Each structure stands twice: as C-alpha cells, then as structure tokens.
Amino acid sequence: MIGIIAEEARAETPSEQLGHLIAANDIDLGRIAYEAFRAQLADTHAFAIVAPAADVPNLRLSIFDAGLGRPVGGWDQLKPTVSLLGSLTRADGTVLWRKADYVSTSNSQTPAFTYDQYVNDPENLRLAFRRATDLVTGMLVADLCRP
C-alpha cells in the first residue's frame, strides 16, 4: 500500500503579502524614520549632529509599531499607523529626554489607499509610511527642541 500525502498550498495572508512587498521593495521603516528625524532635527539648528563618541549624548529612535489599518468609518481604504520612541541619554545612562508619539488611522494628513492599490503599486506603501513617519518624527523633534 502506498500512501500519498497531499499538501494544500497555503495562500499568503494579506499581512504576509504586504510584509513581502515591503521587504522586496526595500521599504526600510527604520531608515525612513532615521532620515526624517535627522533632517528635521538639522533644520532646527538646535543640535549639532556629530559622529558617536563617548562624551556625546546618544540619540536613539525606536519603532514600536507600524502597520496599516482601517480608519474609523470602515471604508475600504487603509491608512498607515506608526509609533516611535525617541530618547537622548548620556554615556553613563542618564536619560536627558524620552518621548513616544504616534500617528493613527484617524490622522487626516496621511494618505489612504485600498489593499489592492498597495499591492499593485508598492510605492504607495513607501509614500504612506514616509508621510506618517514624517509626522511622528516632527512631533518628537518639536518636543526635543522645546525650551
């Protein structure tokens, strides 16, 4: 007797498909956040941006959440969500500044696309996350530079 095992091909979930599109199209949220934060901080002229050194405070930017969600009202479009944490610490670990902020699906300044529009044109993913990240990093920079 010969047994045949048939495996059903499992289709990617929408989240997996978007994750693969992000990776395949080099949409690096960490790099997008870093570049936005650095540019906005440089525009303030409040801090000199220097190479890391033992006697220079360390600025860290962390992404705790990023994704796409439906805005309130349940339309068929998806909007980006981004949550970031910024911190400035001395070499001895003393925290000089720490702030978290986010952009949710209810933000009117972020673009919205359908799932198919994201899948068929991954640049929509880059655009959506870049705009959301610009907004969040702008809030963090404003707080960091506040007197």
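The values are calculated or read from the model by the stated rules, or taken from the named source; none is laboratory data. This structure is a prediction, so every number in the text was calculated from the model and none was measured. Quick reminder, even Gly has a Cβ in these numbers, built from the backbone with ideal geometry, and neighbours come from all protein chains shown. Side chains included, ligands, DNA and RNA excluded: accessible areas come from the protein's heavy atoms. Shrake-Rupley method; radii C 1.70, N 1.55, O 1.52, S 1.80 Å.
Accessible area per residue for the chain in Å², computed with a 1.4 Å probe and the full protein assembly in place, what is it?
On the way: 9410 Å² over 147 residues.
About 64 Å² of surface per residue is accessible.
Taking the chain as a Gaussian network, Cα atoms linked when under 10 Å apart, which of 80, 14, 71 shows the biggest mean-square fluctuation? Sorting by GNM fluctuation, first place goes to 14. Available extension along the chain between residue 28 and residue 45 is 3.5 nm, counting 0.36 nm per residue and deducting the alpha carbon span. Only protein atoms count toward the accessible area here, which uses a 1.4 Å probe; on the range 77-147, the carbon and sulfur part of that area reaches 47 percent. Only one item in [x] 9.7; [y] 14.3; [z] 8.9 matches mean projected area of the Cα convex hull in nm² derived from the coordinates shown, and that item is [y]. With the simple model of a label 7 Å out from the Cα in the direction of the Cβ, residue 58 to residue 99 spans 2.2 nm.
Each Lys or Arg adds one and each Asp or Glu takes one away; over the other residues whose Cβ falls under 12 Å from the Cβ of residue 142, this sums to -1.
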